[in-house]
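Just so it is clear, none of the values below were taken in a lab; they were calculated from the coordinates. Remember, it's a predicted structure, so these values are computed and weren't measured experimentally. Heads up, the Cβs are rebuilt from the backbone with ideal geometry, glycines too, and the neighbour counts pull from every protein chain shown.
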Amino acid sequence: MPELPEVETVRRGLEPSMRGAVLNEVRLYRPNLRFDLPQDMVTLLPTRRIEALRRRGKYILIDFDNGWTVIVHLGMSGSFRVGAAGALKADHAHDHVQWFYTAADGENFTAIYNDPRRFGFFDMVRSDAAADYSAFAAMGPEPFDPAFNGAYLKARLAASRAPIKQALLDQSVVAGLGNIYVCEALYRAGIDPRRKAGAIAVARYEALAVHAVAVLNEALDSGGSTLRDHRAVDGGTGYFQHRFDVYDREGLFCANPDCQSGEKGCIKRIVQAGRSTFFCPVRQT
């Protein structure tokens with residue numbers, strides 16, 4: 001599933017042509033994805049101006065000037081393509097939603113939502129109620145929020161008996177982090193993913209928060225990670241997968257100099273709560 005860097009990469013790709021644009025037409029090529037597609041997109045949004053594109057956790061929010069917000073989740077395989085309105089055509093096999101719009105500079109564009117596995121979804125809410133949307137109501141702080149720091153993590157997880165890897169995947173603890181970037185952040189912070197969240201010292205949590213933000217920023221600079229489905233709006237792939245320290249590198253050596261002398265690679269893979277965890281038991285304690 002796309003995580004924060006991949007979703008933010010898509011948001012940034014949509015923003016240049018969409019922000020300030022007037023939506024002219026919405027076409028729905030099937031009635032549903034994970035849930036029913038909102039028919040109000042067809043009736044309430046044409047002729048309206050797009051005021052902003054935001055992200056909350058792993059969701060994209062598109063605000064319109066009539067007080068409606070479209071919420072998009074990319075699911076497992078969702079992506080957008082953006083191009084000139086007359087040049088980009090929909091393939092109805094996996095292209096499910098198409099918007100036609102006129103950008104602020106007068107150029108006509110189309111944005112096509114593609115989702116072969118159909119686990120993504122679109123929803124519509126009143127903009128003034130978006131913060132109370134069911135997926136956001138209990139969502140934790142964004143990693144880039146100053147409130148996300150060692151003191152917050154220590155206080156939030158003080159009573160937790162869950163392994164720290166599992167705890168960090170809980171979106172009520174921190175928004176947007178997923179399996180890839182939790183593995184990478186824990187490696188950089190030197191924390192064993194099996195360690196009980198409530199038993200970690202505040203200083204180690206402070207290092208974890210710093211490393212999590214650094215990993216996310218590096219992934220954003222690389223356009224995210226493309227392991228299977230992630231695509232930017234221009235069709236390009238992310239590159240951060242070439243910089244993984246541990247994720248998906250079972251049996252290989254990590255960057256820790258103390259691990260380089262062995263005959264076998266140090267990186268291990270275990271399963272926690274049904275998800276693969278990659279870590280170095282030498283560096284991570």
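Note on the chain: Cα-only Rg and Dmax are 20.5, 65 Å.
Absence of a disulfide-compatible partner, taken as no other cysteine beta carbon within less than 4.7 angstrom, is noted in the chain for 183. Put in order of Cβ neighbour count within 10 Å, fewest first, the listed residues 196, 264, 89 become 264, 89, 196. In the range 156-269, the inverse of the mean reciprocal separation of distinct Cα atoms equals 15.2 Å; this is its Kirkwood hydrodynamic radius.
Per-residue 3J(HN,Hα) values for the range 143-159, derived from phi via the Karplus relation 6.51 cos²θ - 1.76 cosθ + 1.60 with θ = phi - 60°, read x, 8, 6, x, 5, 8, 8, x, 5, 4, 4, 4, 5, 5, 10, 4, 9 Hz in sequence order (x marks Gly and Pro).
Legend: ranking of residues 263, 8 from fewest to most surrounding C-beta atoms inside 10 Å; resulting order 263, 8. For residue 89, the aspartates and glutamates whose Cα comes closer than 19 Å to its Cα, not counting residues fewer than 8 places off in the same chain, are 25, 107, 115, 234.
Sorting the segments 142-150, 170-178 by their mean number of nearby beta carbons within 10 angstrom, highest to lowest, gives 170-178, 142-150.
Taking other C-beta atoms within 10 angstrom as a stand-in for reagent exposure, 153, 33 fall in the order 33, 153, fewest first. Directionally averaged projected area (the range 70-170, Cα convex hull): 9.7 nm².
Both radii are taken from the alpha-carbon atoms of the range 46-126; with Rh as the Kirkwood radius, Rg/Rh is 0.96.
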